[in-house]
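Visitor: My questions all concern the structure below.
The values are calculated or read from the model by the stated rules, or taken from the named source; none is laboratory data. What you see is a predicted model; the values in this text were computed from it and never measured. A quick note on method: Cβ atoms are made from the backbone with ideal geometry, for glycine too, and the neighbour counts reach across all protein chains shown.
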Amino acid sequence: MDGRDQLKATTPVSTSASKSTAGTRKSAPKSARRRSREAALQGLYEWLLSGSDAGVIDAHVREQVGFERCDEQHFDALLHGCIRDAATLDAVLARHADRRTEALSPVEHAALLIGAWELKHCLEIPYKVAINEAVELTKSFGGTDGHKFVNGVLDKAAVELRPAERAAASSASS
């Protein structure tokens, strides 16, 4: 046995530490705004399934552990705005989706509502950020490839809801 083999034989190997960190990366802590989107997604999911009153859903979501770390103002705007404007938002989404919103999973539908609402009403949020946040919600809570559908629909809807910003981004990339 030469020196290198001897070193290998005497060096302890921690398999549990190497397995637990292999292939994983630390994610940044969630922002208050991201948490508000997640809470709104939960509320919209409940609304889509039960049709309950927005006030009842709002109270229910606020009782969840960790809600205090949300951006409450953004949560209120998202949950109540999406419910209030659902018909208008669904009409926009229907023009860019290959199926009716009633045929979508509730998670995809809720993420699309949030993304479309932010595209329409939160002009301080760049359109790519609004789309990405909806995609991330779908990745976290939706089906395997639902995020691809959400990305495609919102990217097309951005042309309608943010024409100047979308056109500027398209001309800059070409």
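Visitor: Could you tell me which residue of segment 162-171 is surrounded by the fewest Cβ atoms within 10 Å (Cβ to Cβ), considering only residues that are part of a helix (DSSP H, G or I) and in contact with a helix residue (DSSP H, G or I) (Cβ under 7 Å, 6 or more places away or on another chain)?
Guide: The first filter runs over segment 162-171 and keeps only residues part of a helix (DSSP H, G or I), leaving 163-171.
Still in the list and also in contact with a helix residue (DSSP H, G or I) (Cβ under 7 Å, 6 or more places away or on another chain): 165-166.
Values: GLU165: 16, ARG166: 19.
Restricting to residues being part of a helix (DSSP H, G or I) and in contact with a helix residue (DSSP H, G or I) (Cβ under 7 Å, 6 or more places away or on another chain), the top hit is GLU165.
Visitor: Still on this structure: Specify which of the listed residues (GLU68, GLU133) is surrounded by 15 or more Cβ atoms within 10 Å (Cβ to Cβ), part of a helix (DSSP H, G or I) and acidic (Asp, Glu).
Guide: GLU133
Visitor: Residue under question is LYS139, and the condition is that it be touching a residue at least 40 places away in the same chain (Cβ under 8 Å) and either on the phi > 0 side of the Ramachandran plot or not small (Gly, Ala, Ser) (or both); does it hold?
Guide: no
Per-residue answers, yes or no, for (1) farther than 24 Å from GLY152 by Cα; (2) without any contact (Cβ under 8 Å) to a residue 24 or more places away in the chain; (3) not aromatic (Phe, Trp, Tyr):
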position: ALA54; (1), (2), (3): yes, no, yes
position: ARG69; (1), (2), (3): yes, no, yes
position: HIS74; (1), (2), (3): yes, no, yes
position: LEU79; (1), (2), (3): no, no, yes
position: CYS82; (1), (2), (3): no, no, yes
position: ALA87; (1), (2), (3): no, yes, yes
position: ALA94; (1), (2), (3): no, yes, yes
position: ASP98; (1), (2), (3): no, yes, yes
position: ALA103; (1), (2), (3): no, yes, yes
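Visitor: Still on this structure: What residue, among those in segment 150-161 that are crowded, with 21+ Cβ neighbours inside 10 Å and of a type outside the set (Val, Ile, Thr), is nearest to GLN42 (Cα to Cα)?
Guide: If we take residues in segment 150-161 being crowded, with 21+ Cβ neighbours inside 10 Å and of a type outside the set (Val, Ile, Thr), then LEU154 is nearest to GLN42 (Cα to Cα).
Visitor: Next question. Condition test on HIS74, is it outside any helix (DSSP H, G or I), surrounded by 17 or more Cβ atoms within 10 Å (Cβ to Cβ) and out of contact with any strand residue (DSSP E or B) (no Cβ under 6 Å at 6 or more places or on another chain)? Spell out the reasoning first.
Guide: Numbers: outside any helix (DSSP H, G or I): no; surrounded by 17 or more Cβ atoms within 10 Å (Cβ to Cβ): yes; out of contact with any strand residue (DSSP E or B) (no Cβ under 6 Å at 6 or more places or on another chain): yes.
No, not satisfied.
Visitor: If you don't mind, there's one more thing I want to ask. Give me a count of the residues in segment 112-129 that are of a type in the set (A, V, I, L, M) and either crowded, with 24+ Cβ neighbours inside 10 Å or under 9 Å from LEU154 (Cα atoms) (or both).
Guide: 5
Visitor: Name the residue that is farthest from GLY146 (Cα to Cα), counting only residues in segment 56-112 that are acidic (Asp, Glu) and at pLDDT below 95. Can you show your working first?
Guide: Start the filter on segment 56-112 by keeping residues that are acidic (Asp, Glu), which leaves 58, 63, 68, 71-72, 76, 85, 90, 98, 102, 108.
Now restrict to residues that are at pLDDT below 95: 98, 102.
Numbers: ASP98: 13, GLU102: 15 Å.
Applying the filter and picking the extreme gives GLU102.
Visitor: Determine which member of the set HIS109, HIS96, HIS147 is under 30 Å from SER171 (Cβ atoms), in contact with a Ser or Thr (Cβ under 7 Å, 6 or more places away or on another chain), surrounded by 15 or more Cβ atoms within 10 Å (Cβ to Cβ) and not aromatic (Phe, Trp, Tyr).
Guide: Answer to the selection: HIS147.
Visitor: Any idea which of LYS120, LYS156, LYS148 is under 19 Å from the mean Cα position of the chain (by Cα), modelled with pLDDT of 95 or more, charged (D, E, K, R) and under 27 Å from ALA28 (Cβ atoms)?
Guide: Working: LYS120 fails: under 27 Å from ALA28 (Cβ atoms); LYS156 fails: under 27 Å from ALA28 (Cβ atoms).
Of the residues listed, the single one that is under 19 Å from the mean Cα position of the chain (by Cα), modelled with pLDDT of 95 or more, charged (D, E, K, R) and under 27 Å from ALA28 (Cβ atoms) is LYS148.
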